[in-house]
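**Q** Attaching a single structure in structure tokens format; questions to follow.
The values are calculated or read from the model by the stated rules, or taken from the named source; none is laboratory data. Quantities reported herein were computed from a predicted structural model and do not represent experimental measurements. Note that each Cβ is placed from the backbone with ideal geometry, even for glycine, and that neighbours are counted across all protein chains shown. Heads up: the accessible areas ignore ligands, DNA and RNA and are worked out on the full protein's heavy atoms, side chains in. Shrake-Rupley method; radii C 1.70, N 1.55, O 1.52, S 1.80 Å.
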Amino acid sequence: METEGQGCPHLPEYLAEPNREVILGKYKSVVSWHVYRLGVKNPAKRRKLSAPSCGTCDIALARPFACLHCAYTGCWSHSHVSNHLDESGHTLCADAKTGAVFCSKCDDFIYHATIDQVYLASVVTAEEKQTRFQVSKKPREPFKAWVPSGKENEELEGTSVVPCQGRRGLLNLGQTCFLNVVLQCLIHNPLLRNYFLSDKHNLRSCKLENCTCCEMDKLFTEVYSEDTTPYGPITFLSTTWRASSELAGYAQQDAHEFFISALNQIHSTSRGSTNVSCNCIIHSTFAGQLQSEVTCEKCGNVNTTVDPMLDISLELKGKNGGELPNDTLAACLRRFTQIEKLGPKEYSCGKCGKASHEASKRMSIRKLPPVLSFQFKRFEHKGADKSTARKIDSQIKFPAMINMNPYTTLGMKEANSETCNMHGPSAMYDYDLFAVINHEGQLNNGHYTNYARYQHEWYRFDDDKVMPSTAKECLNSGAYMCFYVKRHLDYKPYMTPSYVLTRADEAAREKEGEKDKDGSIRDKEKGGKSKKEDGEIVERVESKTIPVSAIKEREMRELQEKEKRERELEDDLLATV
């Protein structure tokens, strides 16, 4: 394949004026057509987007190649599209499925950064137009690339450049490998990384004591500094001990327990965090929804319950309680979402009014988070004593990319319907693996390590040791926890993050306080003179304790809070991808 560095001399000519708009316009149409056709499930609508036929052999094309100079489409396998390019004197054609561009003069597929950007933008735009919210029926909020304003450019001029990735080992402070692997996975989480590196929480301006967000800010500062020597997260460990007494001490702890504790502590110390409909950094990153449907087999009544989730714990045993050889993540998810028969005393039907002897339960994922965390239940606890735990060492195969559509509530409904298309294009459910936590040995005398990815580079972390690795080594490791990030992130319309609302509210209160202070000083001066002159003026002035501008600001804030609650209520009703 020709690359931009090696240089295809023909494509740049067509990307220059006056051919640029024609070539790129045709290329966008070809790519968008393929996305639209994949997303259409209705047979009647699909016929309107039926596959074009080859202009030479008239065979319907499942994977058409389109000439970027004319309306010709042809098949690649019989060389009809390349023959067309030679006979017509045209140069470029594009694969509708992959967006790859073929140059007939170079006789090779070529790469160009502009084409790559246009392909990605066209695919995302087409997918956004197809995805609508379940309740409001509104399309997704379109992606907009960030373009710095004049003020932002001025601020960027005084900043220092930092590395775009951080790789730094963490010292073992005494059986703290469980803490180190979780912190490495949080460091390589792209959403958390962008949040803390963009100074959304500054430890120097925070007034909270034992603040885990401050510890995260300190951790990212250390990892992305020029110092490459291993770092000891001592203050993070001490803050964890004070916040979670069950994790205190130097005994070996469970990495998953610490992971959940860390998420809760980051949430509770985030600016603007709430107990209901919170959109802090943790809930914006990890929070999803699980839906449970219990069906009474006698009367058909369905009882639906929706619960929040931060991660998904998966069983490694089958129905008979035995270990499963050659188990996979997909098989675990199928068991998690399969129909389960309930016992005679496990469910009482609200419609029948009696305990049902025939009821079934099914779990599904109602709302997918941007980052999915899976825990494999490798430790069996027969009692409250952790020392009696037994480890399941079965090998679990997990992919580098997983599509979560079959395990969602909407995906399951669509699987049973031929005309329903509620969930949008399948690509919106693609997740890419970016971190894995491994455990060796038993619970009380084992050791944790982890793999983490930055772009296409994999590394293995073993406390203070950081070693280059490969995706193959990671996929062949014994996973205890897996972390996946959504390939195409959602942009919720009209949603303002908690920390932005909190900052605006704090700034408004400070401004109101200053105005009240200035107003009280003026009233005091004016009131002092009025006492000698006229008592009526004293009464009128003393009753005016709050400036009119402050009242308007307060009313505006109350209106904003009301609108925020309405948006949160609507968001709770939306089953977005």
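**Q** Please report the accessible area of Asp464 (heavy atoms, 1.4 Å probe, ligands and nucleic acids excluded) in Å², nearest 10.
**A** We get 70 Å² for Asp464.
**Q** While we're looking at this one, here's another question. List the residues, sorted by chain then number, that are 5 or more residues from Tyr111 or on another chain and whose placed amide H is less than 5 Å from its amide H.
**A** HN-HN under 5 Å from Tyr111: Glu2, Thr3, Glu4.
**Q** Given a Förster distance of 30 Å, report the FRET efficiency between Glu380 and Tyr454 from their Cβ-Cβ distance, rounded to the nearest 0.05.
**A** 0.30
**Q** Set the Förster distance to 22 Å, then compute FRET efficiency between Leu489 and Leu38 from the Cβ-Cβ distance, nearest 0.05.
**A** After rounding to 0.05, the efficiency reads 0.65.
**Q** Further question on the same structure: May I ask you to compute the full-extension gain from Glu473 to Ile234, defined as 0.36 nm times their residue separation minus their alpha-carbon distance, rounded to one decimal in nm?
**A** Taking Glu473 through Ile234 to full extension adds about 83.0 nm, to one decimal.
**Q** In nm, give the distance between the simple-model label positions of Lys207 and Ala330, each being 7 Å from the Cα along the Cα-to-Cβ direction.
**A** Between Lys207 and Ala330, the label points sit 5.5 nm apart.
**Q** Report, to one decimal in Å, the Kirkwood hydrodynamic radius for the stretch 121-278 based on all distinct Cα pairs.
**A** This gives a value of 18.4 Å.
**Q** Next up: Restricting attention to the stretch 169-261, which chymotrypsin sites (Phe, Trp or Tyr not before Pro) occupy a DSSP loop and are surrounded by at most 10 other Cβ atoms within 10 Å?
**A** Filter output for the stretch 169-261: Tyr250.
**Q** When only DSSP loop residues count, what GluC sites (Glu not before Pro) in the stretch 205-241 have their Cβ near at most 12 other Cβ atoms within 10 Å?
**A** Loop-located and lightly packed - Glu209, Glu226.
**Q** To continue, here is another question. For the pair Gln117 and His90, what calculated FRET efficiency results from E = 1/(1 + (r/R0)^6), where r is the Cβ-Cβ distance and R0 = 25 Å, to the nearest 0.05?
**A** After rounding, the FRET efficiency stands at 0.60.
**Q** If the convex hull of the alpha-carbon atoms of the stretch 166-235 is projected onto planes in all directions, what is the mean projected area in square nanometres?
**A** Averaging across all directions leaves 4.8 nm² for the Cα convex hull.
**Q** Quick check for you: which residues of the stretch 105-119 have the amide N under 12 Å from the point 7 Å beyond the Cα of Phe143 toward its beta carbon?
**A** Residues passing the 12 Å test: 117-119.
**Q** Pairs Lys298/Lys341; Lys207/Lys515; Lys367/Lys413; Lys317/Lys391; Lys144/Lys367; Lys97/Lys397: which exceed 18 Å Cα-Cα?
**A** Lys207/Lys515; Lys144/Lys367; Lys97/Lys397
**Q** If you don't mind, another one. Multiply the residue separation of Asp464 and Arg242 by 0.36 nm, subtract the distance between their alpha-carbon atoms, and state the gained length in nm to one decimal.
**A** Full extension from Asp464 to Arg242 adds 77.5 nm.
**Q** Expected output is a single nm value to one decimal: the length gained when fully extending between Lys151 and Gln175, i.e. 0.36 nm times separation in residues minus the C-alpha distance. What is it?
**A** Taking 0.36 nm per residue and subtracting the Cα distance, the gain is 3.8 nm.
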